Amino acid sequence: MIDKLDSALRFHQEALSLRARRQEVLSANIANADTPHYKARDFDFSGKLQEALERGRQSGAMSMSTTSARHLPGEARASGADELLYRTPAQSSIDGNTVEMDMERVNFADNAMRYEANLTLLGAKIKSLLAAAQ
């Protein structure tokens, strides 16, 4: 039963996790807009989501050992800063900073909207699973 719930909600879990991570990266870019020689960072959301889903299908997650048959298995996924890429600026600045505030604001707002959409879809999925269980 838990495996079916996990498979039904895995996509939304991974999407929300990656959206939250991207929001942090974009926030860091905005916070460092006036820092000399700061290089704007970002990552390919769709590529990372596909990679995370493939990793889940192949059971590439690290599992924890259990001491009782009644324990739920735990999993941990490794993710680090190696997934971040440097953004190429459309117009370079004199101090070497590559943050473009207009682009960052648009990406931040777009990511926030998509995060909210994912939450709405996840809520609808949970409601439909609850209705099916009843």
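Below are the figures for this structure:
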read-out	value
Residue list for region 1-24, restricted to those being at pLDDT below 90 and polar (S, T, N, Q)	SER7, GLN13
Test: LEU5 is touching a residue at least 60 places away in the same chain (Cβ under 8 Å), of a type in the set (A, V, I, L, M, F, W, C) and in a helix (DSSP H, G or I)	yes
Residue list for region 9-34, filter: more than 18 Å from TYR115 (Cα to Cα) and touching a residue at least 12 places away in the same chain (Cβ under 8 Å)	ASN29, ILE30, ASN32, ALA33, ASP34
Residues (touching a residue at least 60 places away in the same chain (Cβ under 8 Å), over 18 Å from ALA109 (Cα atoms) and not polar (S, T, N, Q)) located in region 35-45	PRO36, HIS37, TYR38
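Conditions (1) over 14 Å from the mean Cα position of the chain (by Cα); (2) basic (Lys, Arg); (3) at pLDDT 85 or above, marked per residue:
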residue	(1), (2), (3)
LEU26	no, no, yes
TYR38	yes, no, yes
GLY47	no, no, no
ARG57	yes, yes, no
THR66	yes, no, no
PRO73	yes, no, no
ARG77	no, yes, no
ALA81	no, no, no
ARG87	yes, yes, yes
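The values are calculated or read from the model by the stated rules, or taken from the named source; none is laboratory data. These numbers were taken from a predicted model, which means no experiment stands behind them. Neighbour counts run over all protein chains shown; Cβ positions are idealised from the backbone, glycine included.
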